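Student: Provided herewith is a single structure, encoded as structure tokens, for subsequent inquiry.
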Amino acid sequence: MGANAYGQLVSIVIQLISLPIYLSKWNLETYGVWLTLAAIPAYFSMADIGMVSVAGTRMTILVGKGDLKTANRVFQSAQLFVGLSCLAVAAIAFPIIFLSPFDALQPPNTRTTLFILVLVVLLSMACGLVNAVYKATHRYALGIFMETNTRLLEWLGAMIGFFWSGTFLAIAIGMFAARAIAFLALAFLSTNGSVGLTWGTKNAASREVKQMIAPSLGYMTFPISNALSFQGYTLLAAAILGPLAVAIFSIYRTLARIVVQATSILSHALSPELSRLFGAGHHKEFKKIALRSTAIGVLGSLLMSAVVFLASPYLLQIWAQGKVPFTASLMALFLLYAAIAGCWHIPRIVLMAVNRHSKLGTIVLIVSIISLMLAWVLGKIFGIEGLVASMMVAELLITIVCMSLAQTLTNDPEQ
């Protein structure tokens, strides 16, 4: 939890500092264009179809059973799959980005910037393999610490590019260089020593990949849903409301998401422990931790929403340098959305910790698609408030389903 708290603190600080830094040279419209451009590559993060996360969970369960040989085979199989996926995405993205006739890509260096941002996303996916090693070998806290420092280094690379020339291309190059250096260093450190896991593809096996395909496809629905819920809403706001509304929407949502980020301090720390307990057959302890943590998560989400609402006028004034007005009703809507989203964060982790998340993922994807369609209608009528209302309805439906599925699992883990 300490490592996750550090990670969330860094995320919050980066979010709070980045806006005034960007606004020191850009206006809100330019910032909105950058947000829109940076949102597009997130769709390529789904190239591994969830294999990294599923492999990491399976490796943790196998290590909990003491089966290091199979765990290493799973690890190397995942490496081969991810490597091939990255090559395929890069090969597909290049002609799409550089040959497509879209007007938004016509400004100088926009296409190159977008392709480099895609490469940054692919490197982040490869870094997930590093995190899987730390998680499986009972070094979760160290892995999260390293991952957080990698994100911090990537942000510093972006800031160097920003202050160097203030262009989108320079920012993207700075991010890519920092991420590449961090990946090479962490890949070496993660398996240095007697951890039982090694880099390479010598022991890769197609049967391991086949066994993980079903839960991987189930996991893939979550990044697709996230892309629809986060980048999708950003692009939708840009399409129907314009760049200025994108900036306001993003700033308010970022403040509200502090609530969910706070919940993740506990939820992500639970994941490897739940996997290990499940692998070792300690089902009573598994159920106890899952139920108590869910209760803590719900209560924490509600309390944090109230705290953030009271602090938001001051945070907004300082963070946005007085350029974005505070609207109490709009902030209340965003925080109600965030409170509901925080309630199903821990139950989702309970399901994912044992690779029983496929049904939830399918439902989340369907709800996300429907919510975007609803947002298109409500956004045109009510503006930003309409977008938030659609998000809130989606989170409420998902919370009900997720709570039910998690309860069924804890009542009968072997089912």
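The values are calculated or read from the model by the stated rules, or taken from the named source; none is laboratory data. This is a predicted model, so every value here is computed, not measured. No Cβ is skipped: glycine too gets one built from the backbone with ideal geometry, and neighbour counts run over all protein chains shown.
Student: Need a quick list: helices (runs of 4 or more DSSP H) entirely within the range 228-311 having at least 2 residues that are out of contact with any strand residue (DSSP E or B) (no Cβ under 9 Å at 6 or more places or on another chain) and under 19 Å from Trp376 (Cβ atoms).
Tutor: Output list reads 232-241, 243-256.
Student: Also, quick follow-up: I'm checking my understanding of the structure. Among residues of the range 142-172 that are aromatic (Phe, Trp, Tyr) and over 19 Å from Met1 (Cβ atoms), which one is modelled with the lowest pLDDT?
Tutor: Filtering first and then ranking leaves Phe168.
Student: Say we look at the range 181-192 and pick out the residues that are of a type outside the set (A, V, I, L, M) and either touching a residue at least 24 places away in the same chain (Cβ under 8 Å) or closer than 21 Å to Leu37 by Cα (or both); which of these is surrounded by the fewest Cβ atoms within 10 Å (Cβ to Cβ)?
Tutor: Here the residue is Phe183.
Student: With Ala178, Ala170, Ala158, Ala132 as the choices, which residue is without any contact (Cβ under 8 Å) to a residue 12 or more places away in the chain and in a helix (DSSP H, G or I)?
Tutor: Exactly one of Ala178, Ala170, Ala158, Ala132 is without any contact (Cβ under 8 Å) to a residue 12 or more places away in the chain and in a helix (DSSP H, G or I), namely Ala170.
Student: Could you list, in sequence order, all residues of the range 255-265 that are crowded, with 21+ Cβ neighbours inside 10 Å and either among the aliphatic types (A, V, I, L, M) or under 15 Å from Thr327 (Cβ atoms) (or both)?
Tutor: Leu255, Ala256, Ile258, Val259, Val260, Ala262
Student: Looking for something among the aliphatic types (A, V, I, L, M), in a helix (DSSP H, G or I) and closer than 30 Å to Leu35 by Cβ - is there at least one such residue anywhere in the range 205-213?
Tutor: No.
Student: Let me ask something additional. Does Leu372 satisfy the criteria of being among the aliphatic types (A, V, I, L, M) and either modelled with pLDDT under 90 or not in a helix (DSSP H, G or I) (or both)?
Tutor: It is false that Leu372 is among the aliphatic types (A, V, I, L, M) and either modelled with pLDDT under 90 or not in a helix (DSSP H, G or I) (or both).
Student: Which condition breaks for Ile369 when tested against (1) free of Cβ contacts under 8 Å to residues at least 60 places away in the same chain; (2) more than 19 Å from Leu335 (Cβ to Cβ)?
Tutor: The one condition Ile369 does not meet is (1).
Student: Out of contact with any His (no Cβ under 7 Å at 6 or more places or on another chain), assigned to a loop (DSSP other than H, G, I, E, B) and buried (at least 19 other Cβ atoms within 10 Å of the Cβ) - does that describe any residue in the range 8-25?
Tutor: no
Student: Report whether or not Ala104 is more than 24 Å from the chain's Cα centre (by Cα) and modelled with pLDDT under 85.
Tutor: yes
Student: Name the residues in the range 235-254 that are buried (at least 24 other Cβ atoms within 10 Å of the Cβ) and under 21 Å from Gly342 (Cβ atoms), would you?
Tutor: Matches in the range 235-254: Phe249 only.
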